[in-house]
Amino acid sequence: MLSDSKGKCYTKYVPDYCIFDLETTGVSCANDEVVEISALKVIGGKVVDEYSTLVNPGRPIPYYASVVNGITDDMVADSPDFETAFRGFLDFVGDMVLVGHNIHTFDMKFLYRDAGKFWGRTIGNDYIDTLKIARLCLPRLDHHRLVDLAEYYGISIAGAHRALNDCRMNQIVFERLGQELANSSDAPKAVRVCPRCGSVLQKRSGRYGDFIGCTGFPNCRYTEDIC
């Protein structure tokens, strides 16, 4: 939803959310454009609806981008511009929590930039980055890309790097990560969650030494002493 202030980033599981993904002409939120946007609406951990469209970026798609996502100029020639596609996305997600992989440092930056460009506002939805949760729950994995997590959980990676396929893959990954958090008390080195906001707790260092703090900081300032 459009807002005057950005939503908050959390590292926790929620059962109702919209998981989304963007494909772009490159990795720069300053210079590149969206060529595909997709989302899945999830209620009680189950997919109930989907939104997906290619986007005409108004410029040629670089060869290297097409190699990654398979999207070409011919494919997007008759597609809507991003202002139209973005409005459809906002109508679809409403005020639900957004979920995605590496969205904190990538996808959300494109949404924030273009919401400001088109409407002079920002995106107020709270959001959850599955990359952050995966790094906390699965520290022994060498890499935490979406395809790495899918392979770890035995999920097919067919069609990876197209937005809707990545949403479907990541939705299953997020549900599995939610199980990791729920079952963490059974593990010898448990991933613990904040009793105040539900985000993951993590060892941190401060002015007076180490302590346990909420990864939802600064939105949540819960702390514990290390025994």
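Residue by residue, here is whether (1) over 24 Å from Leu131 (Cβ atoms); (2) in contact with a Leu (Cβ under 8 Å, 6 or more places away or on another chain) holds:
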site: Gly7; (1), (2): no, yes
site: Thr11; (1), (2): no, yes
site: Cys18; (1), (2): no, yes
site: Val48; (1), (2): yes, no
site: Ser52; (1), (2): no, yes
site: Asn56; (1), (2): yes, no
site: Arg59; (1), (2): yes, no
site: Asn69; (1), (2): no, no
site: Asp81; (1), (2): yes, no
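Looking at the structure I just gave you, is Ala190 at pLDDT 90 or above and either within 20 Å of the chain's Cα centre (by Cα) or part of a loop (DSSP other than H, G, I, E, B) (or both)? Steps first, please.
Values: at pLDDT 90 or above: no; either within 20 Å of the chain's Cα centre (by Cα) or part of a loop (DSSP other than H, G, I, E, B) (or both): yes.
Criteria not met by Ala190.
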> Mind checking which residues of region 1-34 are hydrophobic (A, V, I, L, M, F, W, C) and under 21 Å from Trp119 (Cβ atoms)?
Replying inline: Met1, Leu2, Cys18, Phe20, Leu22, Cys29, Ala30, Val34
>> I need the full set of residues from region 104-133 which are under 20 Å from Ala182 (Cα atoms), at pLDDT 95 or above and not β-branched (Val, Ile, Thr), in order please.
In response: Tyr127, Asp129, Leu131
> Which of the residues belonging to region 121-171 are of a type in the set (D, E, K, R), free of Cβ contacts under 8 Å to residues at least 12 places away in the same chain and within 21 Å of Gly216 (Cβ to Cβ)?
Replying inline: Arg135
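Quick test for you: out of Phe106, Phe82, pick the one residue that is of a type in the set (Phe, Trp, Tyr), surrounded by 14 or more Cβ atoms within 10 Å (Cβ to Cβ) and over 23 Å from Tyr10 (Cα atoms). Working first, answer last.
Details: Phe106 fails: over 23 Å from Tyr10 (Cα atoms).
Unique residue meeting the criteria: Phe82.
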> Which one is surrounded by the fewest Cβ atoms within 10 Å (Cβ to Cβ), of the residues in region 1-14 that are part of a loop (DSSP other than H, G, I, E, B) and not charged (D, E, K, R)?
Replying inline: Ser5
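Go over the candidates Arg196, Arg168, Arg140, Arg176 one by one and state the one that is modelled with pLDDT of 95 or more and either loosely packed, with under 15 Cβ neighbours inside 10 Å or touching a strand residue (DSSP E or B) at 6+ places or on another chain (Cβ under 8 Å) (or both). Spell out how you get there, then give the answer.
On the way: Arg196 fails: modelled with pLDDT of 95 or more; Arg140 fails: modelled with pLDDT of 95 or more; Arg176 fails: either loosely packed, with under 15 Cβ neighbours inside 10 Å or touching a strand residue (DSSP E or B) at 6+ places or on another chain (Cβ under 8 Å) (or both).
Exactly one of Arg196, Arg168, Arg140, Arg176 is modelled with pLDDT of 95 or more and either loosely packed, with under 15 Cβ neighbours inside 10 Å or touching a strand residue (DSSP E or B) at 6+ places or on another chain (Cβ under 8 Å) (or both), namely Arg168.
The values are calculated or read from the model by the stated rules, or taken from the named source; none is laboratory data. Source: prediction; values computed, not measured. Note: ideal-geometry Cβ built from the backbone for every residue, glycine included; neighbour counts use all protein chains shown.
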